[in-house]
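Everything below concerns the one structure shown next.
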Amino acid sequence: MNGIYDVIIVGGGPAGLTAAVYTSREMLNTLLLEKDICGGLPASTNLIENYPGFSEGMNGKELVNRFKKQAERFGTKISEFSEVKKVEVSGEKIKVQTGKEVYFSYSLIVASGSIPKKVGVRGEEEFKGRGVSYCATCDGPFYRGKDVAVIGCGNSGLQEGEALLKYVKSITFVEFLPFMNAEKILQERLKKSEKTNFLLNHKLLSINGEETVNSITVEDRTSGESKEIKVSGVFVYVGFLPNSKFLEGLVDTDKSGYIKTDEDMKTRTDGIYAVGDVRSKKVRQITVACGEATVAAISVREYLNKIKR
Ligand SMILES: Cc1cc2nc3c(=O)[nH]c(=O)nc-3n(C[C@H](O)[C@H](O)[C@H](O)COP(=O)(O)OP(=O)(O)OC[C@H]3O[C@@H](n4cnc5c(N)ncnc54)[C@H](O)[C@@H]3O)c2cc1C
């Protein structure tokens, strides 16, 4: 067993690292646990154009690395490859279990984000890593000069599609809804490209191939007709699932599993706060995650002042 931390932060993405900057600057004894290496979703995003202060945009990995350095500079202890599996509360103490260690703290900031949802069609599991990908920035270079499909026309789909353009011969975007949900600026940029083709109101039926992917089958939801499109790669962006299971019984969630909090980011359990993409809300962006983390860190300070007096 280790000593008792003032605060344990779960997740080393933008939300968790921002919370760490604030709690460490408050001289709170802070431990951040990250299941992989720090970075979160931005670590696999090529260019972030809407984080203020970087007028030319900034590579996502580099941006979050700076967050990490900043947190460490103020004294945050970071433990990577430490996945939180279980949290228990006993009075004012919170017990946090990873696969290998048990830690104790007086407060917890949950910033565990979300993971990409599967589209759930035949061939998706079978060809994962052999033509099916959830990260265009990571896998784009493998598709140089090839035809690919992007499933989902929200911000993630279009942004990652844009990152693919410099490698691929063509992109067929497939969207279940009759319209695109992405920011207008992204829609305009991608529509201008000669390499893009949009199938709105179409349902992905299957991903087909032998050793690797060689086509997809889609259905036109208006006519009911289906067709096969030759592609070598399929990039899936159809939403996310929150990483909130390890808090079962301690927090309220919405029907999708996102954690409900009050405006101080407090969950229904004293001492436990939730911020960033794992929190129930409408807008999921880095600036929002950072703002919520700031609020939670200040709420934690106030909570600790109260219980330690
Ligand atoms: C393709 C794509 C492009 C995007 N582009 C932009 C953009 O241009 N601008 C913008 O503002 N936003 C963008 N976003 C959204 C942005 O990435 C998120 O809003 C932001 O990353 C949320 O930060 P977070 O810290 O809450 O979650 P995440 O970034 O998801 O970080 C959560 C971290 O928690 C860790 N974790 C999860 N479970 C556990 C556990 N049990 N124990 C320990 N650690 C755990 C994860 O490994 C991860 O590192 C994009 C998202 C995607 C998918």
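Whether any residue in segment 128-142 is of a type in the set (Asp, Glu), within 14 Å of the ligand (Cβ to nearest atom) and more than 29 Å from Thr23 (Cβ to Cβ) is what I want to check. There is at least one residue in segment 128-142 that is of a type in the set (Asp, Glu), within 14 Å of the ligand (Cβ to nearest atom) and more than 29 Å from Thr23 (Cβ to Cβ). Taken over segment 74-104, the residue count meeting the criterion of being more than 10 Å from the ligand (Cβ to nearest atom) and closer than 24 Å to Ser44 by Cα is 3. Arg66 falls short on exactly one of the conditions (1) modelled with pLDDT under 95; (2) of a type in the set (D, E, K, R); (3) not in a loop (DSSP other than H, G, I, E, B), and that condition is (1). In segment 294-309, the condition of being outside any helix (DSSP H, G or I), basic (Lys, Arg) and away from the ligand (no atom under 16 Å from the Cβ) is met by at least one residue. Evaluating Ile9 against the criteria (1) near the ligand (Cβ under 6 Å from one of its atoms); (2) buried (at least 24 other Cβ atoms within 10 Å of the Cβ); (3) in contact (Cβ under 8 Å) with a residue 60 or more places away in the chain leaves one unmet condition, (1).
Summed over segment 41-56, residues that are in a loop (DSSP other than H, G, I, E, B), near the ligand (Cβ under 7 Å from one of its atoms) and touching a residue at least 40 places away in the same chain (Cβ under 8 Å) total 3. The single residue among Asp270, Asp277, Asp252 that is of a type in the set (Asp, Glu), outside the structural domain of Ser170 (by TED's automatic domain parsing) and more than 16 Å from Ile9 (Cα to Cα) turns out to be Asp252. Looking at Val234, Val251, just one residue is within 30 Å of Glu34 (Cβ to Cβ), in a strand (DSSP E or B) and of a type in the set (Val, Ile, Thr), and that residue is Val234. The residues in segment 105-120 that are β-branched (Val, Ile, Thr), more than 9 Å from the ligand (Cβ to nearest atom) and surrounded by fewer than 18 Cβ atoms within 10 Å (Cβ to Cβ) can be counted, and the count is 0. Considering segment 237-248, and only residues there that are of a type outside the set (Val, Ile, Thr) and in a loop (DSSP other than H, G, I, E, B), the residue that is farthest from the ligand (Cβ to nearest atom) turns out to be Glu248. When segment 254-278 is filtered for residues that are in contact with a Phe, Trp or Tyr (Cβ under 6 Å, 6 or more places away or on another chain) and outside any loop (DSSP other than H, G, I, E, B), only Lys266 remains.
The values are calculated or read from the model by the stated rules, or taken from the named source; none is laboratory data. Note that the coordinates shown come from a computational prediction; the quantities given were computed from them, not determined experimentally. Glycine gets a Cβ as well: all are built from the backbone with ideal geometry, and neighbour counts include every protein chain shown.
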